[in-house]
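Notes for the one structure printed next.
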Amino acid sequence: MTSREPAPTTVHCTFIPPWLAERVDGAKRAALDEALRTRRGVEARTAARVAVTDGPAWTVHDAGSTTTLPGEAVRSAGDAEAGDVAVDEAATGIEATLAMFAEVLARSSYDDEGAPVSLTVHYGSRYNNAFWDGAQLVFGDGDGKVFERFTKPVDVLAHEFSHGVVEHTAGLVYLGQSGALNESVADVFASCLKQRLLGQDAADGDWLIGEGIFTSSVRARALRDMAAPGTAYDDPQLGADPQVGHMDDYVETTDDNGGVHLNSGIPNKAFQLAAVAVGGTAIEGAGRIWYDALVGGSVPEDADFATFAAATIAAAGTHADAVREAWAQVGVEPLAGSPASGGGGRLRVERSGGFIGRSEAVEVDLDDDLRGLVAEASLSGASTTDPPRPDMYVYTFTVDGAEPVRVPEHLLTARQAELAERVIGSGATGDASP
C-alpha cells in the first residue's frame, strides 16, 4: 500500500454541499467560504509537505471564532478532557477514527505513515460547515438556527478524515464522478465508524450521515441517507434532499464541482447494498473490500463509477457476485474489459532471464479468486524502469490484453510474487523457450 502526496490542485472537500450553504447563509457567505478554503488549502498543502511525523498522534486547536488556522493548541493525545464540548467531541472522534483504521485496516493515520492529525474547532463565526483542507480537519460551530456544531455527529469527523485517506491513496479528483466517489468513500468510512461505535452489523445500521447536525426546528433526519438517497430532509426553508441514488437520475451539472454531493448517492447506495449482502460489520465486510480497492492501484485519480465498481468487485473475492449485484441495482456496470466486469478475462504471466536464460509464459482465465489477487498486486501502473539484477528473473504481467507490466524479481511485491507463483506453477496454456 503506497501513499500519494496530495495534488497541488486539490479542491476542498466540504461536508455541507454548496447549494445548502447558499440557502442558509446566502451566496455571498458561500463565496467567502470558498475563498477562505482555497487560500487555506494552498497554505496547508505547503505545510503538509514539510510536516514532522513525531509528537502527539493528534492535537485539537481552538480558532477562537476566527478563520486563522490552526489556532491555539488546547488538547492533544493523552491529555485529560478540556471541558469544551467541541474540543472534547473532536478528541473522542479522532481517537475512534484512528483506532478503526489501525485495528481493522492496519492503516496508520491518513497517510499510513503515522502523520499527526491536526484538528481545529470554533472556526469562524457561526460557521456552517466542516472541511478537510489537505492537512487540517476544520469544524464550525453552526449558526444554532439551522445547524448544530459540526463536531456533534462523530461521522462528520470520520468523513473529513477519510478525505485525507482518499488523497493519500487513489487521490480521486474532486470533480464529476471521481469527485462523487471521493465524497462517497468518505461517507462509507463515516458510516462504518458510526456503526462500529454503536456495535451494529451492517443490517442494523440506519445509514444516516450527519444525524443530529440539524437543529430541532429543521424537518430532517440527517444530511444524507445512504440507504435511501434523496430522503434525508424535506424542509420549507431548505427544500427537499436532492441527492440521487440511481444512474437513471444522474445529474449533469457544472455546480458543486460537477455534482459531487448530488451523485455520490449512487455509490453510497451501492455500498449500503453490498454491506448488507456481504454481512457482518460494515467496516470488516464491505468496508474492507472498498478499502482494498482504494489502495490496490487499480483506481486512477479520474476513476468513474464503472471503474471503481470493477475495482471493488475484483477486491471482493468470494463476495464478488454480491458486490456486482449491488452496483447493478444502482445502474452501474463494471468497466467493460475489466477483469472484474464479469466477462471472464485472461491473465498472462511471463518469467524470463535467470541463470539459465529460460523464458516461460502461462496464460489463465481469471476467476473471482485470481481477480482479487490481481487487484491486490497493483498491476495497473507502468512497468518499472529499474534494471534487473544479474541472474535474477524478470516477470511480465498482462491483464486482459492491457499494457504489459514488467517487474524485476527483486522488486516484486508479496502479492505479485504470490500471483506469479500461482500462475507459473499451474502450467496452463504455457510455452517455454531457451
Scan region 175-186 and tell me whether some residue there is in the same structural domain as Ala106 (by TED's automatic domain parsing), buried (at least 21 other Cβ atoms within 10 Å of the Cβ), touching a residue at least 60 places away in the same chain (Cβ under 8 Å) and within 16 Å of Phe271 (Cα to Cα). no
Quick one: Gly134 ticks every box in (1) in contact with a strand residue (DSSP E or B) (Cβ under 7 Å, 6 or more places away or on another chain); (2) within 20 Å of Asp62 (Cα to Cα) bar one, so which box is it? (1)
Inside region 86-123, can you point out the residues that are under 29 Å from Ser65 (Cα atoms), crowded, with 18+ Cβ neighbours inside 10 Å and among the hydrophobic types (A, V, I, L, M, F, W, C)? Ala86, Val87, Ala90, Ala91, Ile94, Leu98, Ala115, Val117, Leu119, Val121
Which numbered condition in (1) out of contact with any Phe, Trp or Tyr (no Cβ under 8 Å at 6 or more places or on another chain); (2) under 30 Å from Ala310 (Cβ atoms) is the only one that Gly124 fails? (2)
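So, in region 127-146, how many residues would count as being assigned to a loop (DSSP other than H, G, I, E, B) and touching a Phe, Trp or Tyr at 6+ places or on another chain (Cβ under 9 Å)? Working first, answer last.
Going residue by residue through region 127-146, those that are assigned to a loop (DSSP other than H, G, I, E, B) are 127-129, 133-135, 140-146.
Next, only the ones that are touching a Phe, Trp or Tyr at 6+ places or on another chain (Cβ under 9 Å) stay: 127-129, 140-143, 146.
Count: 8.
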Asp206 passes all but one of the listed conditions (1) in contact with an Asp or Glu (Cβ under 9 Å, 6 or more places away or on another chain); (2) surrounded by fewer than 18 Cβ atoms within 10 Å (Cβ to Cβ); (3) over 24 Å from Val278 (Cβ atoms); the exception is number (3)
Selection from region 373-399 of residues that are modelled with pLDDT of 75 or more and under 17 Å from Ser298 (Cβ atoms): Leu373, Val374, Ala377, Phe397, Thr398, Val399
So Lys152, is it out of contact with any helix residue (DSSP H, G or I) (no Cβ under 6 Å at 6 or more places or on another chain), within 20 Å of Asp225 (Cβ to Cβ), in the same structural domain as Ala63 (by TED's automatic domain parsing) and surrounded by fewer than 24 Cβ atoms within 10 Å (Cβ to Cβ): yes
Among the listed residues Gly287, Gly280, which satisfies the condition of being touching a Cys at 6+ places or on another chain (Cβ under 7 Å) and either modelled with pLDDT of 95 or more or among the aromatic types (Phe, Trp, Tyr) (or both)? Gly287
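Yes or no, residue by residue, for (1) at pLDDT below 95; (2) under 24 Å from His261 (Cβ atoms); (3) surrounded by fewer than 20 Cβ atoms within 10 Å (Cβ to Cβ); (4) not aliphatic (A, V, I, L, M):
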residue: Thr2; (1), (2), (3), (4): yes, no, yes, yes
residue: Val52; (1), (2), (3), (4): yes, no, yes, no
residue: Asp62; (1), (2), (3), (4): no, no, no, yes
residue: Glu72; (1), (2), (3), (4): no, no, yes, yes
residue: Asp84; (1), (2), (3), (4): no, no, yes, yes
Kindly check whether there is at least one residue in region 199-213 that is under 18 Å from Phe305 (Cα atoms) and either assigned by TED's automatic domain parsing to the domain that holds Ser178 or in contact with a Ser or Thr (Cβ under 9 Å, 6 or more places away or on another chain) (or both). no
Condition set modelled with pLDDT of 85 or more and among the aliphatic types (A, V, I, L, M), scope region 414-433, selection surrounded by the most Cβ atoms within 10 Å (Cβ to Cβ): answer is Val423
If only one of Gly239, Gly265, Gly210 is within 21 Å of Asn128 (Cα to Cα) and under 18 Å from the mean Cα position of the chain (by Cα), which one is it? Gly210
Test set (1) under 13 Å from the mean Cα position of the chain (by Cα); (2) in a loop (DSSP other than H, G, I, E, B) - Gly331 fails condition number: (1)
Among what's in region 103-119 and is outside any loop (DSSP other than H, G, I, E, B) and touching a Phe, Trp or Tyr at 6+ places or on another chain (Cβ under 7 Å), pick the residue that is farthest from Ala86 (Cα to Cα). Leu105
Scan of region 188-206 for residues that are under 18 Å from Thr97 (Cβ atoms), in contact (Cβ under 8 Å) with a residue 40 or more places away in the chain and assigned to a loop (DSSP other than H, G, I, E, B), ordered by number: Gln200, Gly205
For region 148-187, give me the residue count where each residue is polar (S, T, N, Q), in a helix (DSSP H, G or I) and closer than 26 Å to Ser216 by Cβ. 0
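The values are calculated or read from the model by the stated rules, or taken from the named source; none is laboratory data. Nothing here was measured: the structure is a model prediction, and the numbers come from that model. In this analysis, Cβ positions are derived from the backbone assuming ideal geometry, glycine residues included, and neighbour counts consider all displayed protein chains.
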